[in-house]
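The values are calculated or read from the model by the stated rules, or taken from the named source; none is laboratory data. Small disclaimer: the values here were computed from a predicted structure and weren't measured. Note: ideal-geometry Cβ built from the backbone for every residue, glycine included; neighbour counts use all protein chains shown. These area figures cover heavy atoms from the full protein model, side chains too; ligands, DNA and RNA do not enter into them. Shrake-Rupley method; radii C 1.70, N 1.55, O 1.52, S 1.80 Å.
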Amino acid sequence: MQGKLIIFSAPSGAGKTTIVHHLLNVFPALEFSVSACSRPMRKGETNGVDYYFISVEEFKQKISDEEFVEWEEVYKDNFYGTLKAEIERIWKKGHHIIFDMDVVGGLNLKKQFGEQALSIFVMPPSIKHLESRLQMRETETPESIARRIGKAEVELQTAKQFDTIILNDKLEKAFAEAEKVVREFIK
Ligand code: ADP
Ligand code: 5GP
């Protein structure tokens, strides 16, 4: 069976991972698409759960073997991509797939899958909020935060191209809104 695709995109720090985790707890029919990536593993992350962590060389090999449905070098030498095998794995189980990816990857997937996919943009209240959330998360160096914030302005301008925008100001409200749009889409 081919299930549906639910894509969450936003600038880094907007809260998409938080919202996606919440939805996974609420809807048993959803399964998270684990991306491959070539950045180092962060504290608290698990290989095969958060990402399939692979080297830059392995990533490039998979690109030339056409194993990705989409991939991107989101930051220098930090490659991220969705494996075709991951989509097949989840659909085989009869689940719908939920994705957490940057805006370019999100729009790319939506273009490929059309009506089968729902693309959702998570809007932060402001860029200042993004910065303070990334600082509070304590996973990034000051350089990495600056790099992420540096991309945010352009990323925010893509919001209108998504099917739905969810404002993540108060988290409880964002959770409720996300539940509503997902319930409607998979019913
Ligand atoms: P992303 O996956 O978009 O990079 P995260 O989900 O990791 O973002 O959220 C970034 C940080 O902001 C996390 O520490 C998270 O707990 C926090 N956060 C998420 N949503 C809110 C919110 N509405 N208000 C305050 N902090 C939030
Ligand atoms: P992080 O390093 O914070 O986990 O992720 C950096 C960025 O890469 C985030 O915007 C994240 O959503 C994005 N990302 C994660 N997986 C993928 C993927 O498979 N494809 C693309 N294009 N971006 C991804």
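Scanning the stretch 54-102 for residues that are more than 13 Å from Ser35 (Cβ to Cβ), in a helix (DSSP H, G or I) and of a type in the set (Asp, Glu) turns up Glu57, Glu58, Glu88. Scan the stretch 1-48 for residues that are within 16 Å of ligand 1 (Cβ to nearest atom), part of a loop (DSSP other than H, G, I, E, B) and surrounded by fewer than 17 Cβ atoms within 10 Å (Cβ to Cβ) and report the count. Residues that pass the stated criteria total 7.
In the set (1) of a type in the set (A, V, I, L, M, F, W, C); (2) within 9 Å of ligand 2 (Cβ to nearest atom); (3) without any contact (Cβ under 8 Å) to a residue 60 or more places away in the chain, Ile54 fails one condition alone, (2).
Take the stretch 53-73 and flag every residue that is crowded, with 19+ Cβ neighbours inside 10 Å and among the aromatic types (Phe, Trp, Tyr). Those that are crowded, with 19+ Cβ neighbours inside 10 Å and among the aromatic types (Phe, Trp, Tyr): Phe59, Phe68, Trp71. For the stretch 98-133, a tally of residues being among the β-branched types (Val, Ile, Thr) and open to solvent by less than 20 Å² (accessible area, probe 1.4 Å) returns 4. Do we have Lys92 as surrounded by fewer than 18 Cβ atoms within 10 Å (Cβ to Cβ) and among the basic types (Lys, Arg) here? Criteria met by Lys92.
Annotation: Met136 fulfils all but one of (1) in contact (Cβ under 8 Å) with a residue 12 or more places away in the chain; (2) over 20 Å from Gly105 (Cα atoms); (3) open to solvent by 50 Å² or more (accessible area, probe 1.4 Å); the unmet one is (1).
So for the stretch 60-70 (the condition being free of Cβ contacts under 8 Å to residues at least 40 places away in the same chain, near ligand 2 (Cβ under 10 Å from one of its atoms), more than 14 Å from Ile7 (Cα to Cα) and not polar (S, T, N, Q)), does at least one residue qualify? Yes: the stretch 60-70 contains one or more residues that are free of Cβ contacts under 8 Å to residues at least 40 places away in the same chain, near ligand 2 (Cβ under 10 Å from one of its atoms), more than 14 Å from Ile7 (Cα to Cα) and not polar (S, T, N, Q).
Checked against (1) within 14 Å of ligand 2 (Cβ to nearest atom); (2) under 20 Å from Gln112 (Cα atoms); (3) modelled with pLDDT of 95 or more, Val74 meets all criteria but (3).
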